[in-house]
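Read-outs: derived from the displayed coordinates by stated rules, not from any lab. Small disclaimer: the values here were computed from a predicted structure and weren't measured. With ideal geometry, Cβ positions are generated from the backbone for all residues, glycine too; neighbour counts draw on all protein chains shown.
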Amino acid sequence: MIRIPNTVLDAETADFLRDNQIRAICLFRQNMVDAAQLSKLTADLREVMGENALIAIDQEGGAVVRSTWVPAPPAAMSLGAADDTTLAYAVGAAVARGVKALGFNWNFAPVLDLNNNPANPVICERSFGSDPKRATELALAWMEGSLSEGVACCVKHFPGHGDTHVDSHRDLPTVDKPRAELDALELAPFKVAAMATKNAPAMMSAHIVYPALDREFPATMSRKILTGLLREEWQYRGVIITDGMDMHAIAGRYGVGKAAVQAFVAGADMVMALGTRATQNETLDALAEAIASGQFHQEEIATRLQRLDRLAQTYPCAGTDGIYAAEAADHQLMRGAWQRGLTVHGNPQAIPVGSKIRLVMRTDTVSDGVSEAGVPASVVSAMLAQHYDVEMTTFADPDTFIWPSLPADGRITVLASTSRARYSEQVRNSWRPALHLALWNPFHAFDIAAPAVMSYGFAPPALQAVSAWLTGEIEAHGQLPVAGMM
């Protein structure tokens, strides 16, 4: 599977796909302009890659979405806060309808990682919660919803990315726990997904070392994990795909070609060569050499191709020319779903309409490479200005912002947190707003000594839910789906 840099399928890329018989591609925000453009791109890709094309997207929900104009799904943790498998199913189905209308047949979701480390720099609100049983039930309900609409899912990141302090996009994490602990927590959701009567059609490997399972290789390159545990012990028969092999945890340590070969030795069916054309060619050359040298038996190759064929045939890639009949109803569904997850901490109170408030927040939040860019201060200010007299104070770096510099003029001070990174001790010890809007990472609510509202995301319907709560139109009934976290 590759990625491409453009919003159109140029002749050179089409030739590259044909010449190398590539029939799987993952599209990102950089490939998308609007529904008409994206539907044309996916149609062109289908024509070149053939009837067994796999066109994938990361449309998890919350901050991790690529198509930002279709109905915005809540983050997994918001659905965990709502704690309703029927709602999770409905959201999964609506996400599938949205991406299927654009020409996709494979969605890299849902996340089965557990939210068992509040310092995790990359999972956080992408997880359904910390309880393995309930998180699994909610995630698999979401998956069932997607499958019901004809879009394949890919659960991730096996064997579990929840308890890491390092983002594998940047370095190689290690989860050093005894096997018994892994079985009880990290592995539990994936085991259910692998062994269920209707199991996950695909599973994505994590670029993480688990010494209790394999001291030498990260899961993506580990035969003990992908074959020994997943295929042989759990008898999983779905597709195994690696996470992006361009991530520093792999490319920076092993080189993409060598790592791709080792991933196939380990048992992967498909590698995601999401780097440049040069690294894609390096991957192709390494795999071709390994096949030519007899490192892989033809029977092995045939079996893996059959799994990929079965996935594409079960969830065919058929365009709808952008026609999305349920779009209006799904927008309404998502608005209600975001409201259901809204969670409060520390008994915050609604603010009377017409009050004078001071909004304090980052001017802007750029993408962290995994998520879409955070919401700009101007958008939150405009939302509040519908009901209040708003004065805005912004900062670029929370550690250099001096909280006591705010004037004591009687305005209600409202802090809006719009990044995933946790606050430092310096910030925790000095910032004292009257109300805290945690609009991305819910654990921010425990960093700041103030009553808080947690939305688990900053999509328009999330902000609408916060606005409705602020003016007393709705109540927040969500429950933080994480036990014992501060």
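Relative to the longest principal Cα axis of the chain, at what angle does helix 35-49 sit, 0 to 90 degrees, rounded to 10?
Once rounded, one gets 10 degrees.
Between rounded, prolate and oblate, where does region 383-434 land on the alpha carbon gyration tensor, with a ≥ b ≥ c its root eigenvalues, rounded for a/c under 1.5, else prolate if a/b exceeds b/c? The partial results should precede the final answer.
Details: a/c = 2.23, a/b = 1.45, b/c = 1.54.
Cα axes put region 383-434 in the oblate bin.
Under the rule a/c < 1.5 gives rounded, and otherwise a/b versus b/c splits prolate from oblate, where does the chain land using the Cα gyration tensor? Walk me through the numbers before you get to the answer.
Working: a/c = 1.89, a/b = 1.61, b/c = 1.17.
Because a/c hits 1.5 or more and a/b exceeds b/c, the chain counts as prolate.
By counting other Cβ atoms within 10 Å of each Cβ, how are H436, H297 ranked from fewest to most?
Values: H436 27, H297 10.
Ascending number of Cβ neighbours within 10 Å: H297, H436.
In whole Hz, what ³J(HN,Hα) sequence does region 94-102 give by Karplus (6.51, -1.76, 1.60; θ = phi - 60°), x for Gly and Pro?
5, 4, 4, 4, x, 6, 5, 4, 8
Which entries of K133/K224; K100/K198; K100/K224; K40/K258; K133/K177 show an alpha-carbon separation above 29 angstrom in the structure shown?
Details: K133/K224 25 Å; K100/K198 21 Å; K100/K224 36 Å; K40/K258 35 Å; K133/K177 20 Å.
Violating the 29 Å limit, Cα to Cα: K100/K224; K40/K258.
Could you give the length gained by full extension between S355 and S148, i.e. 0.36 nm per residue of separation minus their alpha carbon distance, to one decimal place? Write down the numbers at each step before the final one.
Numbers: separation 207, 0.36 × 207 = 74.52 nm, distance 4.71 nm.
Extra length from S355 to S148 when fully extended: 69.8 nm.
Rounding to the nearest 20 debye, state how big the charge dipole of region 11-314 is about its Cα centre with +1 on each Lys and Arg Cβ and -1 on each Asp and Glu Cβ. It would help to have the intermediate numbers written out before the result.
On the way: 28 positive and 37 negative charges, 53 e Å.
Computed about the Cα centre, the dipole is about 260 debye.
Please find the FRET efficiency linking T227 to S467, where r is the Cβ-Cβ separation and R0 is fixed at 41 Å, and quote it to the nearest 0.05.
Numbers: r = 51 Å, r/R0 = 1.24.
For T227 and S467, the calculated efficiency is 0.20.
Based on other C-beta atoms within 10 Å, arrange M204, M1 from fewest to most. Walk me through the numbers on the way to the answer.
Values: M204 26, M1 22.
Ranking M204, M1 by Cβ neighbours within 10 Å, fewest first, gives M1, M204.
For T400 and T174, calculate 0.36 nm times their separation in residues minus their Cα-Cα distance, and state this gained length in nm to one decimal.
Working: separation 226, 0.36 × 226 = 81.36 nm, distance 3.20 nm.
Going from the current span to full extension adds 78.2 nm.
Counting each DSSP H run of 4 or more residues in the chain as -39500 (n - 2.57), what helix-only mean residue ellipticity at 222 nm follows after dividing by all residues, to the nearest 500 deg cm²/dmol? Show your work: numbers first, answer last.
Details: 15 runs with 172 residues, N = 486.
The helix-only estimate for the chain comes to -11000 deg cm²/dmol at 222 nm.
Could you run the Karplus curve 6.51 cos²θ - 1.76 cosθ + 1.60 with θ = phi - 60° over region 466-474 and give me ³J(HN,Hα) per residue in whole Hz, x for Gly and Pro?
Values, residue by residue: 4, 4, 5, 5, 4, 8, x, 6, 9 Hz.
In nanometres, what is the gap between the two model label sites at T86 and E216, each 7 Å from Cα along Cα-to-Cβ?
In this crude label model, T86 to E216 measures out at 5.2 nm.
About the Cα centre, and with charges only on the beta carbon of Lys, Arg (+1) and Asp, Glu (-1), how big is the dipole of region 194-255? Nearest 20 debye, please. If you can, show how the numbers build up before the last one.
On the way: 7 positive and 6 negative charges, 29 e Å.
In debye, rounded to 20, region 194-255 gives about 140.
If you take the beta carbon distance between Q37 and L305 as r and set R0 to 51 Å, what does 1/(1 + (r/R0)^6) give as a FRET efficiency, to the nearest 0.05? Walk me through the intermediate numbers first.
Details: r = 32 Å, r/R0 = 0.62.
Step by step, r from the Cβ atoms, then E = 0.95.
Cα centroids of region 310-364 and region 408-471: how far apart, whole angstrom?
18 Å
Which length gain, in nm to one decimal place, applies between A278 and T68 when the Cα-Cα distance is subtracted from 0.36 nm times their residue separation? Don't skip to the end; give the middle numbers.
On the way: separation 210, 0.36 × 210 = 75.60 nm, distance 2.96 nm.
Full extension of this stretch gives 72.6 nm more.
Each label point is 7 Å from the Cα along the Cα-to-Cβ direction; what then is the distance between the points at E51 and K198, in nm?
Going from the E51 label point to the K198 one covers 2.5 nm.
Test of understanding: ordering H161, H345, H477 by Cβ neighbours within 10 Å, fewest first, what list do you get?
H477, H345, H161
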